[in-house]
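Some notes on the structure that comes next.
Where a number appears in this text, it was derived from the coordinates with a stated rule and is not lab data. All figures in this text were calculated on a predicted structure; none of them were measured in a lab. Counting neighbours? That spans all protein chains shown, and the Cβs are built from the backbone with ideal geometry, glycine included.
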């Protein structure tokens with residue numbers, strides 16, 4: 001009977017080290033995949049889901065505004081001057097425009113426009129027929145309270161719709177409803193329609209500025225003219241509309257500007 005020979009295998013330690021390294025690499029790969037999935041989900045949420053949410057909410061806000069506008073106006077407050085010296089109901093008094101409507105060089109609202117609405121509340125609808133855009137207009141340009149809702153935000157201190165001066169709006173180009181994503185496609189002659197209770201104002205696109213600094217406040221001045229690129233803008237007083245958004249897409253480095261004038 002032959003003795004069994006014991007075979008000693010060398011190099012077991014090396015294989016163990018290799019197995020350990022493979023385990024570390026595998027764990028690292030799993031971690032990278034997990035992080036990648038999380039990042040992808042965040043991107044999907046930011047780019048896709050927030051769009052759906054904001055777009056749906058903005059459309060509902062437009063419907064609510066239109067339903068509200070369709071209701072008959074509330075009855076006038078009874079005249080309290082019946083026992084006064086006039087002996088009856090005297091002539092109606094037009095209330096003075098609020099100080100907010102006169103700030104930053106904007107004029108008193110024209111054509112019977114009301115003073116500016118409450119801050120961050122939707123009070124109008126912007127329609128851009130060429131782009132199929134229908135978006136609520138809210139007072140203010142706060143990101144969370146206005147723009148992230150998919151609204152167009154009215155720059156405080158600029159003119160009201162239909163008034164002399166510059167009715168200036170901001171809107172997201174990407175995410176959160178992205179109402180101004182394609183305003184770079186607007187051309188001279190395209191219409192920008194603004195509805196408020198009982199009034200419709202139609203502006204006609206005249207000029208665009210493809211890129212300027214985020215600090216170029218001249219583009220929303222009463223007579224809009226870029227302070228960064230002064231060859232772009234207007235020279236004469238008038239009733240203007242300004243749309244501003246970020247550019248290039250998915251960045252906030254610069255601003256894209258579209259201007260229009262009130263249609264006679």
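Worth pointing out:
- Shape call, segment 200-264: gyration tensor on alpha carbons, a/c limit 1.5: oblate
- Length added when fully stretched, residue 215-residue 53, from 0.36 nm per residue minus Cα-Cα: 55.3 nm
- Normalised by the number of residues in segment 117-211, the mean separation of alpha-carbon contacts (under 8 Å, six or more apart) gives a relative contact order of 23 percent.
- Global form of segment 107-264, assessed from the alpha-carbon gyration tensor, a/c cut-off 1.5: rounded
- The fewest-to-most ranking of 194, 228, 133 by surrounding Cβ atoms within 10 Å reads 228, 133, 194.
- Label point distance in nm, residue 204-residue 60, each placed 7 Å from Cα along Cα→Cβ: 3.9
- Segment 127-174 versus segment 218-246: alpha-carbon centroid distance in Å: 16
- Taking other Cβ atoms within 10 Å as a rough exposure proxy, 31, 169, 55, 186 sort from fewest to most as 31, 55, 186, 169.
- Ordering 203, 155, 254 by the number of other Cβ atoms within 10 Å of each residue's own Cβ, fewest first, gives 254, 155, 203.
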